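This report concerns only the one structure given below.
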Amino acid sequence: MDKKLLCSATAKFILGLVCTGALLFLPAGTIYFSNGWLLMAVMFLPMFVAGLVMMKANPALLRSRLQAKEQQGEQRLVVVLSGLMFLCGFVAAGLDFRFGWSAMPGWLPVCAAAVFLAAYGLYAEVLRENTWLSRTVRVQQGQQVVDTGLYGIVRHPMYAATVILFLSMPLVLGSWVSFVVFLVYPLLIVKRIRNEEQVLEAELNGYADYKARVKYRLIPYIW
């Protein structure tokens with residue numbers, strides 16, 4: 001086992017757990033924010049399991065997923081704006097709970113949690129299908145176009161999964177205010193995809209032909 005990779009993955013997992021908890025529970029003013037705990041559970045338990053699986057079965061993929069330094073200027077802007085979105089969205093949800101701004105039926109956060117887990121399963125399938133997936137926009141040595149499975153339906157199934165994941169988060173938290181903040185995410189993904197496809201078409205052999213075969217980027221028959 002790669003001890004350096006294990007330490008890096010563990011440190012980032014703990015950091016994400018602590019930061020997410022702080023952004024939710026400090027604005028809420030209490031640890032008795034049940035929807036906050038629900039989101040933490042559906043986010044970090046599957047993430048922990050996925051990390052263990054990748055550590056054993058595909059450490060190269062885990063290493064790639066931990067790499068978050070973008071080289072493209074446009075992508076760095078998207079990363080910064082996405083970080084601000086999470087910051088504002090989680091803080092808004094905590095404040096929403098504290099001051100009771102949203103009136104959301106109790107069944108909706110539970111249904112949203114189920115949707116979140118289903119989307120996480122979709123995300124895991126994308127990781128299984130494409131071993132070159134990275135958190136940054138780049139073409140890796142030996143990378144090939146993947147055009148089967150979900151990639152035969154849309155060109156960016158990972159982003160499709162993340163749109164579902166991130167739009168379900170504020171609903172799990174029971175906050176309409178936070179949901180409005182997270183509506184920024186699909187716009188950021190559109191910008192990321194447009195730039196990413198320029199890079200892939202220029203640097204990845206066969207990507208132009210793949211674009212001609214698979215017409216839709218994110219949503220079948222729509223875009």
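The values are calculated or read from the model by the stated rules, or taken from the named source; none is laboratory data. Please read all numbers here as calculations on a predicted model, not as lab measurements. Glycine gets a Cβ as well: all are built from the backbone with ideal geometry, and neighbour counts include every protein chain shown.
Which residue pairs have Cβ atoms under 8 Å apart, sit 6 or more places apart or on different chains, and have a first residue in region 192-212 that is in contact (Cβ under 8 Å) with a residue 12 or more places away in the chain and a second that is among the aromatic types (Phe, Trp, Tyr)?
Close Cβ pairs satisfying both conditions: ARG192/TYR159; ILE193/TYR159; GLU197/TYR207; LEU200/TYR207.
Search region 1-21 for residues that are of a type outside the set (Val, Ile, Thr) and surrounded by 13 or more Cβ atoms within 10 Å (Cβ to Cβ) and pair each with any residue that is at pLDDT 90 or above and in a helix (DSSP H, G or I) when their beta-carbon atoms are under 7 Å apart and the residues are at least 6 apart or on different chains.
LEU17/PHE44; GLY21/MET40
For residues in region 24-49 being among the hydrophobic types (A, V, I, L, M, F, W, C) and outside any helix (DSSP H, G or I), which is surrounded by the most Cβ atoms within 10 Å (Cβ to Cβ)?
The residue in question is PHE33.
Taking interchain pairs and intrachain pairs at least six residues apart, which have beta carbon atoms under 6 angstrom, with the first residue in region 82-107 and over 11 Å from LEU24 (Cα atoms) and the second in a loop (DSSP other than H, G, I, E, B)?
SER102/SER175; MET104/GLY174
Check LEU167 against each of (1) buried (at least 20 other Cβ atoms within 10 Å of the Cβ); (2) modelled with pLDDT of 90 or more and name the one condition it does not meet.
(1)
Looking at (1) surrounded by fewer than 17 Cβ atoms within 10 Å (Cβ to Cβ); (2) outside any helix (DSSP H, G or I); (3) of a type outside the set (Gly, Ala, Ser); (4) at pLDDT below 90, find the lone condition where LEU52 falls short.
Result: LEU52 passes all but (2).
Working carefully through the options LEU17, LEU24, LEU45, LEU39, find the one that is farther than 28 Å from GLU129 by Cα and modelled with pLDDT of 90 or more.
Being farther than 28 Å from GLU129 by Cα and modelled with pLDDT of 90 or more holds for just one of LEU17, LEU24, LEU45, LEU39, which is LEU24.
Pairs please, first residue from region 46-65 and over 14 Å from CYS7 (Cβ atoms), second anywhere and among the aliphatic types (A, V, I, L, M) and outside any helix (DSSP H, G or I), Cβ atoms under 9 Å, 6+ apart in sequence or on different chains.
Correct list of pairs: LYS56/MET1; LEU61/LEU133; SER64/LEU133; ARG65/LEU133.
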